[in-house]
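Read the structure below first, then the notes.
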Amino acid sequence: SDWSPSWGGAAGGMYSTLGDLGRWAGTGFGATLLSPRLGAARLAGPTTNDGADEYGLGLTHWGEDWVGHTGQIIGWESFAGYNVKTGDVIVLMVNETGSLPDVLPTLLDVANPDLRRTLAAGR
């Protein structure tokens with residue numbers, strides 16, 4: 001492409017595909033690439049909570065089992081999750097801005113009802 005999303009800072013700092021995000025999520029978002037101590041700390045989560053979702057060491061923690069991240073830049077939104085107990089991965093992308101929060105509950109009802117319930121409970 002001759003269009004650069006670099007104006008979006010970190011949001012435009014890399015290109016990815018569903019497959020790439022799935023492989024990255026499957027490593028615990030890089031936890032397996034870190035020292036065992038740092039990787040475990042990253043997946044264990046933060047000790048404080050600023051709201052319904054906990055965020056720490058570069059990951060959002062949804063409940064006890066799921067970690068991940070969301071991303072957005074004009075024209076694209078993504079959601080990637082990793083289950084720290086089962087190793088399950090879920091990655092979703094939409095090529096529109098603002099619609100992923102609206103469709104995420106429905107998509108998760110089909111793809112992973114347990115994660116859907118965890119997100120709905122806000123824990």
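Per the conditions (1) at pLDDT 80 or above; (2) touching an Asp or Glu at 6+ places or on another chain (Cβ under 6 Å), the sole criterion not satisfied by VAL89 is (2). Taken over the stretch 49-107, the criterion of being assigned to a strand (DSSP E or B), among the polar types (S, T, N, Q) and open to solvent by less than 70 Å² (accessible area, probe 1.4 Å) is satisfied by THR60, SER78, ASN83. The residue that is least open to solvent (accessible area, probe 1.4 Å), counting only those in the stretch 1-48 that are β-branched (Val, Ile, Thr) and at pLDDT 80 or above, is THR27.
The values are calculated or read from the model by the stated rules, or taken from the named source; none is laboratory data. These figures come from a predicted structure and were not determined experimentally. Reconstructed Cβ throughout: ideal geometry from the backbone, glycine too, with neighbour counts over all protein chains shown. For accessibility, only protein heavy atoms count, side chains too; no ligands or nucleic acids. Shrake-Rupley method; radii C 1.70, N 1.55, O 1.52, S 1.80 Å.
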